[in-house]
There are 4 protein chains.
Amino acid sequence: MSHNSFGHLFRVTSWGESHGPALGCVVDGAPARLPLEEGDIQHWLDRRRPGQNRFTTQRNEPDRVKILSGVFEDPETGAQVTTGTPVQLLIENTDQRSKDYSDIKDKYRPGHADFTYMEKYGVRDYRGGGRQSARETATRVAAGGVARKVLNGIRIRAALVQIGPHPIDRDKWDWNETENNPFWCPDAQAAAQWEDYLDTVRKAGSSCGAIIEVVASHVPVGWGAPVYGKLDADLAGAMMSINAVKGVEIGDGFATAALSGESNSDEMHTEEGTIGFGSNHAGGILGGISSGQDIVVRFAVKPTSSILTPRKTIDRNGNETEIITKGRHDPCVGIRAVPVGEAMMACVLADHKLRHLGQYHGQYRDQGNGRN
Amino acid sequence: MSHNSFGHLFRVTSWGESHGPALGCVVDGAPARLPLEEGDIQHWLDRRRPGQNRFTTQRNEPDRVKILSGVFEDPETGAQVTTGTPVQLLIENTDQRSKDYSDIKDKYRPGHADFTYMEKYGVRDYRGGGRQSARETATRVAAGGVARKVLNGIRIRAALVQIGPHPIDRDKWDWNETENNPFWCPDAQAAAQWEDYLDTVRKAGSSCGAIIEVVASHVPVGWGAPVYGKLDADLAGAMMSINAVKGVEIGDGFATAALSGESNSDEMHTEEGTIGFGSNHAGGILGGISSGQDIVVRFAVKPTSSILTPRKTIDRNGNETEIITKGRHDPCVGIRAVPVGEAMMACVLADHKLRHLGQYHGQYRDQGNGRN
Amino acid sequence: MSHNSFGHLFRVTSWGESHGPALGCVVDGAPARLPLEEGDIQHWLDRRRPGQNRFTTQRNEPDRVKILSGVFEDPETGAQVTTGTPVQLLIENTDQRSKDYSDIKDKYRPGHADFTYMEKYGVRDYRGGGRQSARETATRVAAGGVARKVLNGIRIRAALVQIGPHPIDRDKWDWNETENNPFWCPDAQAAAQWEDYLDTVRKAGSSCGAIIEVVASHVPVGWGAPVYGKLDADLAGAMMSINAVKGVEIGDGFATAALSGESNSDEMHTEEGTIGFGSNHAGGILGGISSGQDIVVRFAVKPTSSILTPRKTIDRNGNETEIITKGRHDPCVGIRAVPVGEAMMACVLADHKLRHLGQYHGQYRDQGNGRN
Amino acid sequence: MSHNSFGHLFRVTSWGESHGPALGCVVDGAPARLPLEEGDIQHWLDRRRPGQNRFTTQRNEPDRVKILSGVFEDPETGAQVTTGTPVQLLIENTDQRSKDYSDIKDKYRPGHADFTYMEKYGVRDYRGGGRQSARETATRVAAGGVARKVLNGIRIRAALVQIGPHPIDRDKWDWNETENNPFWCPDAQAAAQWEDYLDTVRKAGSSCGAIIEVVASHVPVGWGAPVYGKLDADLAGAMMSINAVKGVEIGDGFATAALSGESNSDEMHTEEGTIGFGSNHAGGILGGISSGQDIVVRFAVKPTSSILTPRKTIDRNGNETEIITKGRHDPCVGIRAVPVGEAMMACVLADHKLRHLGQYHGQYRDQGNGRN
């Protein structure tokens, strides 16, 4: 709707620049009485935090979240819970070295939005990318922490499945491995190779892209809607809204183009009284509505645009020039996108859960109230 | 917002099932005094119409559009123009052979939304897919016809760039060729090969997927918005909302994951007083805002789920069974998705054009009125 | 959002002009499996229909509604029910005497939107008011018929409580009387007086205004939301969107300005185990949320602008002139606004019911599903 | 849409409780390069601030606003301007005496939303009303400060026109007087009488209601939209969303019900080349679209519910009890609603200005761009 909001019943409105006093988001629509403390949000922010290893930027961003509204003590349990009113999550900017960015004030960095922002707005906060900065994604991760509370019982995990030209071996997939390496890589052997590869990229002052896979398990059948309100359409929009993302796919995605109808068919059967599928090419969504299988989304992140190799560009006055983007930059921003992808999945699912509760025919029919 | 609407200022609301009396859409928000006659819409519908060759279904769907509202004679020119009020576009269903679909009343077709619709709604119009039917996309094409009027001066074209496992040779790209073969294929040689391939697929009662590329030229710099209102995020959601679409990418898309920052960089220069780019890996969008380059979107369509090979499935009561989907079906629904992709591009761009006019700083500042 | 839609989960999109081929609305978001036949809608349209007595226009508008989509046979009961997909309600225009309106083509009728439409759009369908025509309210009444299905158990009634300067005697209020006179007047004695009064107004070629009161009973506690999503804020917007409405109030409304805090206080007590109130000055809404008491809304309709007395005005070219609005017009459009007010109440409540089901803490907590 | 947001292109999202660490709002959609400093916002907040005289509460709420995002130095002028990104306005809560409110923890105050919040949410921040508190209106006034920047050239003023049963004499209206008394009363004589009246009310521990009139001058012709997007419908919703408001009217409002068509008719003429009206019964809006005349809105505020007279009520467990609401309360909250009404008018107009720019046929047609 508005440019900086998404979701319908569970709605996130984000604000803030990388070098202003703070940034944050308003999470509106979370049902009341969900336990929520700052630690619940901080847990997820800490996973996204840069500066944790030599493959992400060395900036010291503690990303300490404060809950400014929307929580209070539960009248029965005394625990801090949501109250049904908007939750404002605020993160102060504490490590802004504005001087690092002074030479990009007038030059447009290729691959960045410097040029398009100036054309549209005629002004931009050039310090650290301002509103374009990937720092905005911290607010998404924070919002995702609230969404996960709404999704109690649903598991959302993500992994890096390709870095530069190097994909993982999917037969070696082990979710536990994602916690053992700096890449959230589920294939231990690939992780080791990536370490060498990224060292080379980093030393060359270059950068590389990545592919992230996000999986939501235990989503019930029936979330989503036909036509324009499809669950996969909302997921595609949500993932594509993350900085530097250039592609999104559901289930087998682009690979399905090359499949035959027979190979792509997810046959159905019964399994101890419940419904089962022989495969999950569809990625857990049929006709825009969740099927009860794992929801599988992948997205591609382009290589970091800020590199040490000089690039031809123009300045604000239209003069040709060259630019080298110094400063502290991730050689692969895709790594930090892993928890961001999880958060976007959580926010979209939370919104569709609430929308589903309003319209699900069974829920609806059971709804009785004494005063009717 | 609602499940069957999209767009903010230029907003399309679709309704109708494949076997009801009619289907259509309301197009709300088009500025007044745009010339608009039924022929303007029919032109685009005719391109989508099935039954035109042996590779699309043999159903006879004339898809005759009627404009029921929102147009009137211009006070100056006398031509029929939009009035700024909602335009209702109605298409009657005239060739519905309900008997063809009677055996899918109780069985869930794998890959279709039969199962998920029943779980969510407890009822579905099983005739011809009802609301799930690709027939709904006719209303998108109709809406796109209005959007193109809003986008006067902008050219939107699409092509099929892969069918099954067979991509085109991009060096042979010739837009003129897309009008010479039944696939909207820009590579004459590939088109000839596809003809043989599709014949084999069709005779085997099988099906195949496809990849479509949509290109919008002459879009000015500055349309779109940062963060959640990104032009590419809206395009991704719009394309993913088309039936059977499993993936969307902008510019070089998934391929960027394997590129280095240097290779992916679209360098900038000046070109006879205007700004030029050395390449277009970004697909015409930077930071969610159009850059003035061609906007390039690709999407993947899965193979038609309705095939003649028996598939294991369950019925509405949970009993295991088999299903063969007879009837008149396209072996490759991707072919008919080409004009649908163009239409979705047009609708998203029209919406962003109107939103941009409301917020563009230059436009805004020039806005003077005597009474202020 | 869009100009011709309202509601969030239960959303109505209206289209059509008074003298085009048809008008109608799309009702999106109704839960599935609600019994719905054309007769259910027609019942309410027949109440609004003009030409029923000498106090409403003598145009013959049968207002025959067709349901074009969104219904199908229930798999269990076989009855026609909603399917959860958009319901298109279409009403053909059959009695359009365009010649009656030819002389208003170029003159602006005072009190009408002729002038403002032309300034904004530069074109208008001047026949019978086009999109400005009160005929559009037929689509609201039709949508209200669907909303009432969603609100099973809730009773929505309206009455005319003042016509011109003549209010009813509230002590004589009898809902049954509203069916016994052509004004939906709950006070038999006032109705008799109004008959004389309106005859005078009609014979003088003049017109008069009216006040309508809409009451919803058995609305459960808890619908609505704080701050901008207040139930009363949505009701105020909905009522003010009806043609010719100039004021809206909830409960005691403007009269509360003159009350003391003590007199305005609705004291609470227990009543056979449930909660009771000593009065209902608040009109059933506290802090934007329903209290379980009757929801009471009143709105004022200005006198019909089309009168036989010549009025000074200008034409499209800015020349001064005079106008007499002939044709078949209601001396008091407020009468026909009674069922429209009911319909708007129904639509707003249906929307808030669905939104409430998505966020009510109790409903939410009980929501369990086997797969989580 | 969401419960705590309003507006479409110019969109305000409010958050915060009266006794949390802070409250504020995100203003999204303001065009770039509007000069905006904290002082611009503070100016309006200072007008709303309580504790300024003995007729508003003696709480010391400095309401110091901070702009946390969305502004930067203009590249040409160096002045601080909007950047087109969200503006977060934050107000810290500094004078929260929680002990004052401890006895309302379990009792429901008649006329307050204590009961309805608990029924809906099962938990509430009972300190000072929490989210229900009129303190939330400070964020509206802050947002209105940004909206006024968007509305450069338009004048928005408000006045108190009735307090308790005492209306002003409209013949004595003098806008200058509104700055000379503590009531924003435009009638000096009435203001003097009100002072005595309010002293009596205050000493009695009672309260009274009020009526506020808001006037916007120099709004151009053409803002607004037909049917559901009417400018007056949005104004009605906006005013009714203010705490304690029970009625809204446009122009002559409820009084039009008693007028004849002739008396209510705003005749048109030409006036030195421009279009003029003989009267403004319509309040500057025809068919939902601004006519160029003053836009006139009035709203009624009920008497403060917190009074010193004991009232019968129930507690959270359903037991009957009595309550006296001590603490620092305004005898007439309507006084402080004056700047809030102005702010809501400003926000609605700013939103419609942006929407109009996107759709106005003239603006649209003139829109040329070199690349098309």
Task: Unique residue being of a type in the set (A, V, I, L, M, F, W, C) and assigned to a helix (DSSP H, G or I) when the list is A:A158, A:A143 - done: A:A143
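Output yes when any residue across region C:183-197 is at positive phi, part of a loop (DSSP other than H, G, I, E, B) and either buried (at least 18 other Cβ atoms within 10 Å of the Cβ) or not β-branched (V, I, T) (or both), and no when none is. Please lay out each step first, then the result.
The initial filter retains those residues of region C:183-197 that are at positive phi, namely C:184.
Imposing the further condition that a residue be part of a loop (DSSP other than H, G, I, E, B) reduces the set to C:184.
Next, only the ones that are either buried (at least 18 other Cβ atoms within 10 Å of the Cβ) or not β-branched (V, I, T) (or both) stay: C:184.
The answer is yes; a qualifying residue exists.
So for region C:232-240 (the condition being more than 24 Å from D:S133 (Cβ to Cβ), more than 8 Å from chain D (Cβ to nearest Cβ) and hydrophobic (A, V, I, L, M, F, W, C)), does at least one residue qualify?
As a first pass, look at region C:232-240 and keep what is more than 24 Å from D:S133 (Cβ to Cβ): C:238-240.
When the remaining residues are screened for being more than 8 Å from chain D (Cβ to nearest Cβ), the result is none.
So far as region C:232-240 goes, no, none of its residues is more than 24 Å from D:S133 (Cβ to Cβ), more than 8 Å from chain D (Cβ to nearest Cβ) and hydrophobic (A, V, I, L, M, F, W, C).
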Task: Among the candidates A:A337, A:A346, residue that is in contact with a Leu (Cβ under 8 Å, 6 or more places away or on another chain), surrounded by 24 or more Cβ atoms within 10 Å (Cβ to Cβ), at pLDDT 90 or above and in a helix (DSSP H, G or I) - done: A:A346
Task: Number of positions in region B:288-307 that are in contact with a His (Cβ under 7 Å, 6 or more places away or on another chain) and either more than 7 Å from chain A (Cβ to nearest Cβ) or among the small types (G, A, S) (or both) - done: 2
TODO: May I ask you to list the residues in region A:200-224 that are in contact (Cβ under 8 Å) with a residue 12 or more places away in the chain, assigned to a helix (DSSP H, G or I) and not β-branched (V, I, T)?
DONE: A:R202
- [ ] Sort out which residues of region C:1-23 are within 26 Å of C:T94 (Cα to Cα), modelled with pLDDT of 95 or more and more than 7 Å from every other protein chain (Cβ to nearest Cβ), and write them in order of number.
- [x] C:V12
Open item on the list: Being at pLDDT below 95 and either within 14 Å of chain C (Cβ to nearest Cβ) or crowded, with 24+ Cβ neighbours inside 10 Å (or both) is true for just one of D:D46, D:D28, D:D106, D:D100. Which residue is that?
Closed with: D:D106
Open item on the list: Let me spell it out: the conditions are (1) outside any loop (DSSP other than H, G, I, E, B); (2) touching a residue at least 40 places away in the same chain (Cβ under 8 Å); (3) within 24 Å of the chain's Cα centre (by Cα); (4) surrounded by 24 or more Cβ atoms within 10 Å (Cβ to Cβ), and B:G111 meets all of them except one. Which number is the exception?
Closed with: (1)
Open item on the list: Among the residues of region C:80-94, are any over 25 Å from the mean Cα position of the chain (by Cα) and either surrounded by fewer than 21 Cβ atoms within 10 Å (Cβ to Cβ) or among the hydrophobic types (A, V, I, L, M, F, W, C) (or both)?
Closed with: yes
Open item on the list: I'm trying to understand the selection: among the residues of region D:1-52, which are of a type in the set (A, V, I, L, M) and more than 15 Å from the chain's Cα centre (by Cα)?
Closed with: D:M1, D:L9, D:A22, D:L23, D:V26, D:V27, D:A30, D:A32, D:L34, D:L36
Open item on the list: Among (1) over 24 Å from A:A343 (Cβ atoms); (2) of a type in the set (D, E, K, R); (3) surrounded by 16 or more Cβ atoms within 10 Å (Cβ to Cβ), there is one condition A:D169 misses while meeting the rest; what is its number?
Closed with: (3)
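Restricting attention to region C:241-259, which residues are of a type in the set (A, V, I, L, M, F, W, C) and more than 7 Å from chain D (Cβ to nearest Cβ)? Give the steps one after another, and end with the answer.
The first filter runs over region C:241-259 and keeps only residues of a type in the set (A, V, I, L, M, F, W, C), leaving C:242, C:244-245, C:248, C:250, C:254-255, C:257-259.
C:I242, C:A244, C:V245, C:A255, listed by residue number.
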TODO: Assess whether C:I156 counts as being surrounded by 15 or more Cβ atoms within 10 Å (Cβ to Cβ), out of contact with any Gly (no Cβ under 6 Å at 6 or more places or on another chain), on the phi < 0 side of the Ramachandran plot and within 14 Å of chain A (Cβ to nearest Cβ).
DONE: yes
TODO: Considering only region D:260-315, state which residues are within 23 Å of C:D330 (Cβ to Cβ), of a type in the set (D, E) and over 29 Å from the mean Cα position of the chain (by Cα).
DONE: D:E262, D:E267
Open item on the list: When you check A:T256 against the structure, is it part of a helix (DSSP H, G or I), surrounded by fewer than 24 Cβ atoms within 10 Å (Cβ to Cβ) and without any contact (Cβ under 8 Å) to a residue 60 or more places away in the chain, yes or no?
Closed with: no
Task: Residue list for region D:217-231, filter: more than 7 Å from chain C (Cβ to nearest Cβ) and buried (at least 24 other Cβ atoms within 10 Å of the Cβ) - done: D:V219, D:W223, D:G224, D:L231
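Anything in region B:1-38 that is part of a loop (DSSP other than H, G, I, E, B), among the hydroxyl-bearing types (S, T, Y) and either closer than 22 Å to A:G237 by Cβ or touching a His at 6+ places or on another chain (Cβ under 6 Å) (or both)? List them, or say none. Give the steps one after another, and end with the answer.
First pass over region B:1-38, keeping only residues part of a loop (DSSP other than H, G, I, E, B): B:1-4, B:7-10, B:17-21, B:29-34, B:36-37.
Now restrict to residues that are among the hydroxyl-bearing types (S, T, Y): B:2, B:18.
The one that is part of a loop (DSSP other than H, G, I, E, B), among the hydroxyl-bearing types (S, T, Y) and either closer than 22 Å to A:G237 by Cβ or touching a His at 6+ places or on another chain (Cβ under 6 Å) (or both): B:S2.
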Task: Members of region C:156-183 found to be under 23 Å from C:Q293 (Cβ atoms) and of a type in the set (G, A, S), listed by number - done: C:A158, C:A159
Open item on the list: Can you tell me which condition C:G130 does not meet? The list is (1) closer than 22 Å to C:V248 by Cβ; (2) surrounded by 15 or more Cβ atoms within 10 Å (Cβ to Cβ); (3) away from chain A (no Cβ under 14 Å), and all the others hold.
Closed with: (1)
Open item on the list: Taking the criterion of being closer than 21 Å to C:V248 by Cβ and polar (S, T, N, Q), would at least one residue in region C:141-159 satisfy it?
Closed with: no
TODO: Output the residues belonging to region D:177-214 that are polar (S, T, N, Q) and within 25 Å of D:E249 (Cβ to Cβ).
DONE: D:T178, D:N181, D:Q189, D:Q193, D:S207
- [ ] Pick out the one residue from D:D169, D:D187 that is within 23 Å of D:V333 (Cβ to Cβ) and modelled with pLDDT of 95 or more.
- [x] D:D187
Task: Hits in region D:265-306 - residues which are buried (at least 24 other Cβ atoms within 10 Å of the Cβ), in contact (Cβ under 8 Å) with a residue 60 or more places away in the chain and hydrophobic (A, V, I, L, M, F, W, C) - done: D:I285, D:I289, D:I295, D:V297, D:F299, D:A300, D:V301
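The values are calculated or read from the model by the stated rules, or taken from the named source; none is laboratory data. Being a predicted model, the structure only gives us computed values, none of them experimental. As a convention, Cβ positions derive from the backbone with ideal geometry for all residues, glycine included, and neighbour counts pool all protein chains shown.
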